[in-house]
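Trainee: Here it is, the structure in full.
The values are calculated or read from the model by the stated rules, or taken from the named source; none is laboratory data. Just so you know, these numbers come straight off a predicted model, no measurement behind them. Neighbour counts run over all protein chains shown; Cβ positions are idealised from the backbone, glycine included.
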Amino acid sequence: MNKRKFLETAGAASAAAVLLAVKPTQAQAPAVGVNVLVVYHSVTGNTEKMAHGITEGARSVAGANVVLKRVGEVVADDLLASDAVIVGSPVYFASMSGEVKTFFDNWSLKFGLFRELKMRNKVGGAFVTGAAISNGKEVTMQAIHAAMLVNQMSIVSGGGAFGASATTGPDSPGIDEKALESARALGKRVAEFTAVTKRGSRT
Ligand SMILES: Cc1cc2nc3c(=O)[nH]c(=O)nc-3n(C[C@H](O)[C@H](O)[C@H](O)COP(=O)(O)O)c2cc1C
């Protein structure tokens with residue numbers, strides 16, 4: 001290769017290197033604004049602590065606007081404005097608590113969201129707390145997912161195979177750092193996934 005050819009080749013290679021270096025990776029892509037609604041029911045405070053962890057994780061994602069509400073405080077506009085909804089419940093007799101079920105029932109009875117599938121394609125996630133290691137946490141998360149799926153939402157896991165969870169009975173550590181880490185992981189993953197789908201749907 002003569003000197004001129006060598007310099008041309010080297011120039012092309014370094015230009016390619018510069019292009020590769022500045023090409024944004026997914027993590028560096030411009031932040032997309034996503035609205036994440038975290039909703040929970042809690043009587044003795046365990047699920048509430050997890051809800052704060054979920055919120056913290058979601059807020060760690062650039063562009064995420066996160067609203068935290070108890071089930072009874074949510075109005076239709078909160079749900080309509082959301083891009084993602086993460087619902088938390090205590091395990092009551094191996095399912096979601098009555099308050100959380102009423103919240104979902106209201107999507108049809110009170111908020112008028114179900115008939116026209118107004119929650120369609122929004123992202124959903126679930127978190128739970130239960131007293132015992134194996135007395136219904138996973139089926140409760142699946143019950144929450146099922147209610148979301150009927151509304152044609154897209155389900156995302158994180159923090160655990162089905163979502164975030166904690167065991168809270170007297171012999172357990174309760175809502176410790178490990179449980180909060182799982183909560184933060186779910187919140188972060190839901191916000192990140194929502195940003196990816198929203199960015200992808202832009203025309
Ligand atoms: C009516 C009732 C039913 C419950 N059923 C279960 C159950 O089936 N499985 C379980 O692991 N814990 C069960 N628990 C325990 C709660 O799920 C647990 O204490 C939970 O962390 C409470 O959440 P909170 O502190 O956010 O109210 C039950 C508690 C109540 C009050």
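Trainee: Are any residues in region 45-74 over 20 Å from Gly159 (Cα atoms) and in a loop (DSSP other than H, G, I, E, B), and if so, which ones?
Mentor: If the condition is that a residue be over 20 Å from Gly159 (Cα atoms) and in a loop (DSSP other than H, G, I, E, B), then Gly63, Val74 are the ones that fit.
Trainee: Given the condition surrounded by fewer than 14 Cβ atoms within 10 Å (Cβ to Cβ) and modelled with pLDDT under 95, answer yes or no: does some residue in region 191-199 qualify?
Mentor: No, region 191-199 contains no residue that is surrounded by fewer than 14 Cβ atoms within 10 Å (Cβ to Cβ) and modelled with pLDDT under 95.
Trainee: Still on this structure, please answer the following. Of the residues that sit in region 135-170 and are in a loop (DSSP other than H, G, I, E, B) and of a type in the set (Val, Ile, Thr), which one is nearest to the ligand (Cβ to nearest atom)?
Mentor: Thr168
Trainee: Check Ser42 against each of (1) surrounded by 14 or more Cβ atoms within 10 Å (Cβ to Cβ); (2) more than 16 Å from the ligand (Cβ to nearest atom); (3) part of a loop (DSSP other than H, G, I, E, B); (4) not basic (Lys, Arg) and name the one condition it does not meet.
Mentor: Single failed check for Ser42: (2).
Trainee: Given the conditions (1) of a type in the set (Ser, Thr, Tyr); (2) within 16 Å of the ligand (Cβ to nearest atom); (3) over 24 Å from Thr47 (Cα atoms), and given that Ser201 satisfies all but one, which numbered condition is not satisfied?
Mentor: Status for Ser201: all satisfied but (2).
Trainee: Can I ask one more? Spot the failing condition for Phe93; the list is (1) of a type in the set (Phe, Trp, Tyr); (2) buried (at least 22 other Cβ atoms within 10 Å of the Cβ); (3) more than 21 Å from the chain's Cα centre (by Cα), and only one is missed.
Mentor: So Phe93 meets the others, but not (2).
Trainee: Sticking with this one: It is to be established whether one or more residues within region 61-78 are within 15 Å of the ligand (Cβ to nearest atom), touching a residue at least 60 places away in the same chain (Cβ under 8 Å) and crowded, with 17+ Cβ neighbours inside 10 Å.
Mentor: No, because not a single residue in region 61-78 is within 15 Å of the ligand (Cβ to nearest atom), touching a residue at least 60 places away in the same chain (Cβ under 8 Å) and crowded, with 17+ Cβ neighbours inside 10 Å.
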